[in-house]
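Here is the structure we will look at, set down as structure tokens.
The values are calculated or read from the model by the stated rules, or taken from the named source; none is laboratory data. Just so it is clear, the structure is predicted and the values come from calculations on it, not from any experiment. Counting neighbours? That spans all protein chains shown, and the Cβs are built from the backbone with ideal geometry, glycine included.
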Amino acid sequence: MVMRYYGSKEKLFAAAAEFDLRLPDLTGLPRERVGEALVGHFLERWESDDILLALLRAAASNEAAAERMRTIFAQQVGPTVARLAGGSEPATRAGLIGSQIVGFALCRYVLRLPPVAAMGRAEAIGWLGPTVQRYLTGSVPDAGEFAAPSGTSTTPSASSTPPGGTPPRSPPPAGRRRP
């Protein structure tokens with residue numbers, strides 16, 4: 001796709017160098033509707049902009065394209081999130097929103113996972129909107145809330161067996177491959 005529309009990755013990156021997500025002014029919306037509005041905006045952008053979609057495809061396998069996507073989201077989504085979140089963990093919030101928006105786009109428009117690709121616009125907004133809303137305006141979780149109970153570990157040991165499962169296999173000896 002990159003070659004067909006742009007001739008080379010370098011030309012794609014040149015087109016993406018000045019890429020504008022055209023984020024809407026969300027400050028006039030009721031605070032509880034901002035997540036839906038942001039998801040709706042990104043659905044429109046993914047569906048109407050070949051540069052953004054080509055950049056997403058290229059970012060999956062090209063570090064320069066991935067860096068360009070990171071820069072676009074950091075410079076454009078980051079400040080919007082900071083304004084809406086009131087200064088509480090804006091970089092983390094923007095990164096989590098990016099994970100939802102970019103992950104959904106990858107599954108819907110690139111991988112074309114059937115349930116995700118078949119969703120209507122309203123359904124996609126219905127699924128993603130509340131999650132993006134929580135990332136924007138929800139309270140920051142206390143890391144202690146997710147700590148393992150005393151005397152336990154959050155990383156499985158090589159000898160642990162999951163309930164109802166088989167024990168994990170140890171890695172093969174050096175120089176041998178598993179069949």
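Couple of notes before you dig in:
- Any helices (runs of 4 or more DSSP H) falling wholly within the stretch 62-142 and containing at least 2 residues that are polar (S, T, N, Q), within 15 Å of ALA37 (Cβ to Cβ) and touching a residue at least 60 places away in the same chain (Cβ under 8 Å): 121-137
- Scanning the stretch 45-61 for residues that are under 23 Å from ARG121 (Cβ atoms) and either part of a helix (DSSP H, G or I) or touching a residue at least 12 places away in the same chain (Cβ under 8 Å) (or both) returns ARG45, TRP46, GLU47, SER48, ASP50, ILE51, LEU52, LEU53, ALA54, LEU55, LEU56, ARG57.
- Within the stretch 106-133, the set of residues being surrounded by 13 or more Cβ atoms within 10 Å (Cβ to Cβ), among the aliphatic types (A, V, I, L, M) and within 12 Å of GLY40 (Cα to Cα) comprises ALA124, ILE125, LEU128, VAL132.
- Residues located in the stretch 18-44, provided they are more than 20 Å from SER99 (Cα to Cα) and in a helix (DSSP H, G or I): ARG31, GLU32
- The stretch 30-54: number of residues that are among the aliphatic types (A, V, I, L, M) and either loosely packed, with under 15 Cβ neighbours inside 10 Å or touching a Phe, Trp or Tyr at 6+ places or on another chain (Cβ under 7 Å) (or both): 4
- Filtered residue count, the stretch 28-55, keeping only those that are modelled with pLDDT of 90 or more, closer than 23 Å to LEU111 by Cα and either in contact with a Lys or Arg (Cβ under 6 Å, 6 or more places away or on another chain) or of a type in the set (A, V, I, L, M) (or both): 3
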